[in-house]
Amino acid sequence: MRRDNHLDLLRLIAASLVFYSHSFALLGLPSPKFLAWIDLGALGVYIFFIVSGYLIAASWEQDPSLPRFFARRALRIFPGLWVCVILTLFLLGPLLTTRSLPAYFTDWRTWRYLGNLGLYTSYYLPGVFETVRYPNAVNGSIWTLPIEFLMYLVVAGVGALRGNRWFFAGLLSASAALAFFWASRAPSPLVIFAMDAREIFICGTYFWAGAIFRKFNLNRHCSLTLALLAGAGMLSLMAWPRLLGVAAWALLPFPVLSFGLSHSPLAALTRRGDYSYGIYIYAFPVQQTVTFLAPHLGLAPYLLICGGVTLTLAILSFHLVERRALALKPRRRQPAAPEHALVEATTACGMEAPLPISMTGEL
């Protein structure tokens with residue numbers, strides 16, 4: 001299917017921001033900031049959640065079926081993740097661990113890493129990355145995945161209860177209130193199912209902002225002018241980071257989705273595949289490996305080496321795993337049109353009747 005909007009490109013940019021930001025942290029350098037507010041990695045994560053909120057809300061609207069909804073979500077997240085986790089545990093770990101192989105494979109913490117297969121986040125493998133600047137973290141990016149899937153559960157729950165768009169507005173308000181009054185102020189994490197509950201509301205607020213964009217059809221207001229005005233509004237609040245953080249819940253979705261839902265030849269950059277997920281899940285292990293093997297490497301060669309290896313793995317992941325899994329997504333059965341109506345429609349258009357498709361191809 002032809003996709004001529006920028007949503008895939010937007011996710012690729014978001015994944016690249018996370019990769020770029022982590023490069024500084026893993027080399028022990030100060031991370032670059034966005035508007036002196038948050039680091040670029042956090043910005044990339046928030047972009048992911050905004051886009052996801054919009055698309056997942058649209059997915060449920062177009063096909064409110066619990067089995068098909070969860071089948072699509074599972075096929076999007078799990079196959080690529082499972083391959084990454086298995087390769088990490090059974091290939092990367094044995095190659096880089098400082099323990100003997102018997103000690104590595106008999107340590108219960110090795111097998112706890114398999115919890116990532118079910119989105120129960122585990123970062124540690126025995127003897128792996130224990131001496132790097134950011135020790136004992138094999139894959140520091142996957143913490144967002146269980147939060148993402150939790151958002152899917154809530155959308156499905158609201159949909160099953162036939163909650164309307166005002167219900168989503170209530171979710172946004174509640175999430176923003178908890179993020180502002182508790183999550184952003186709490187000094188230590190509250191861990192639930194290996195998730196930092198603070199991030200459920202901080203990231204979740206951006207997810208619900210994206211969903212509201214869809215539910216209230218705010219995309220009809222998307223324009224370069226409005227995107228620039230929202231950007232200018234955020235820029236004007238640089239001196240007040242806390243106020244900017246609150247305003248960003250309302251303002252950031254406008255430039256993000258105005259760009260994501262627009263059309264231009266730039267969309268051709270991602271027409272061969274959406275490599276954003278592969279970049280997101282493979283970048284951190286690759287970066288830690290390069291840091292471990294070449295601890296004194298400068299930033300520029302580090303970015304080139306890590307970027308090249310990560311992109312290669314992402315391309316392989318998409319074409320060998322993700323695309324094949326996505327091809328199994330169940331499709332909503334469309335009611336058959338009367339034969340005479342189909343003939344009239346195709347004749348009037350001068351072309352074959354198209355198959356029904358979603359507007360993004362992601363749903």
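The values are calculated or read from the model by the stated rules, or taken from the named source; none is laboratory data. Fair warning: this is a prediction, and the values are worked out from it, not measured in the lab. Don't worry about glycine lacking a Cβ; one is built from the backbone with ideal geometry, like all the others, and counts go over all protein chains shown. With ligands, DNA and RNA removed, areas are computed over all heavy atoms of the protein, side chains included. Shrake-Rupley method; radii C 1.70, N 1.55, O 1.52, S 1.80 Å.
For this structure, a couple of remarks:
- Flag: residue 297 does not match the condition of being farther than 30 Å from residue 162 by Cβ, open to solvent by 20 Å² or more (accessible area, probe 1.4 Å), assigned to a helix (DSSP H, G or I) and among the aliphatic types (A, V, I, L, M).
- Qualifying positions in segment 78-103 - open to solvent by less than 20 Å² (accessible area, probe 1.4 Å), within 21 Å of the chain's Cα centre (by Cα) and within 16 Å of residue 122 (Cβ to Cβ): 81, 84, 85, 88
- The residue list 232, 227 contains one member that is open to solvent by 40 Å² or more (accessible area, probe 1.4 Å), assigned to a helix (DSSP H, G or I) and over 24 Å from residue 143 (Cα atoms), which is 232.
- Of all residues in segment 242-265, those satisfying the criterion of being assigned to a loop (DSSP other than H, G, I, E, B) and open to solvent by 30 Å² or more (accessible area, probe 1.4 Å) are 261, 262, 264.
- When the test is whether a residue is farther than 23 Å from residue 318 by Cβ, within 18 Å of the chain's Cα centre (by Cα), outside any helix (DSSP H, G or I) and not acidic (Asp, Glu), residue 124 does not pass it.
- Qualifying residue in segment 266-281 (condition: open to solvent by less than 20 Å² (accessible area, probe 1.4 Å), in a loop (DSSP other than H, G, I, E, B) and either under 20 Å from residue 44 (Cα atoms) or modelled with pLDDT of 95 or more (or both)): yes
- Hey, residue 75 out of contact with any Gly (no Cβ under 7 Å at 6 or more places or on another chain) and either under 20 Å from residue 143 (Cβ atoms) or crowded, with 20+ Cβ neighbours inside 10 Å (or both) or not: no
- Only one of the numbered conditions (1) under 23 Å from residue 78 (Cα atoms); (2) of a type in the set (Phe, Trp, Tyr); (3) open to solvent by less than 20 Å² (accessible area, probe 1.4 Å) is violated by residue 149, and that is (3).
- Looking only at residues of segment 183-204 that are in a helix (DSSP H, G or I) and not acidic (Asp, Glu), we find that the one that is surrounded by the fewest Cβ atoms within 10 Å (Cβ to Cβ) is 197.
- Where residue 293 falls short, out of the listed (1) modelled with pLDDT of 95 or more; (2) touching a Pro at 6+ places or on another chain (Cβ under 6 Å); (3) over 30 Å from residue 203 (Cα atoms): (2)
- Test: residue in segment 276-299 that is out of contact with any Ser or Thr (no Cβ under 7 Å at 6 or more places or on another chain), touching a residue at least 60 places away in the same chain (Cβ under 8 Å) and under 26 Å from residue 174 (Cβ atoms): no
- Flag if residue 31 is free of Cβ contacts under 8 Å to residues at least 40 places away in the same chain, assigned to a loop (DSSP other than H, G, I, E, B) and not β-branched (Val, Ile, Thr): yes
- Selection status of residue 323, at negative phi and at pLDDT below 95: no
- Meets criteria (touching a strand residue (DSSP E or B) at 6+ places or on another chain (Cβ under 8 Å) and either within 21 Å of residue 18 (Cβ to Cβ) or of a type outside the set (Val, Ile, Thr) (or both)) for residue 146: yes
- Selection within segment 17-52 - of a type in the set (S, T, N, Q), open to solvent by less than 30 Å² (accessible area, probe 1.4 Å) and more than 16 Å from the chain's Cα centre (by Cα): 23
- Number of the condition not met by residue 273 [criteria: (1) more than 25 Å from residue 220 (Cα to Cα); (2) in contact (Cβ under 8 Å) with a residue 60 or more places away in the chain]: (2)
- Residues (crowded, with 19+ Cβ neighbours inside 10 Å and farther than 21 Å from residue 195 by Cα) located in segment 104-121: 104
- Residues satisfying the stated conditions in segment 129-182, i.e. within 23 Å of the chain's Cα centre (by Cα), more than 30 Å from residue 64 (Cβ to Cβ) and in a helix (DSSP H, G or I): 180
- When residue 207 is tested against (1) farther than 20 Å from residue 10 by Cβ; (2) within 18 Å of the chain's Cα centre (by Cα); (3) crowded, with 22+ Cβ neighbours inside 10 Å, just one condition goes unmet, and that condition is (1).
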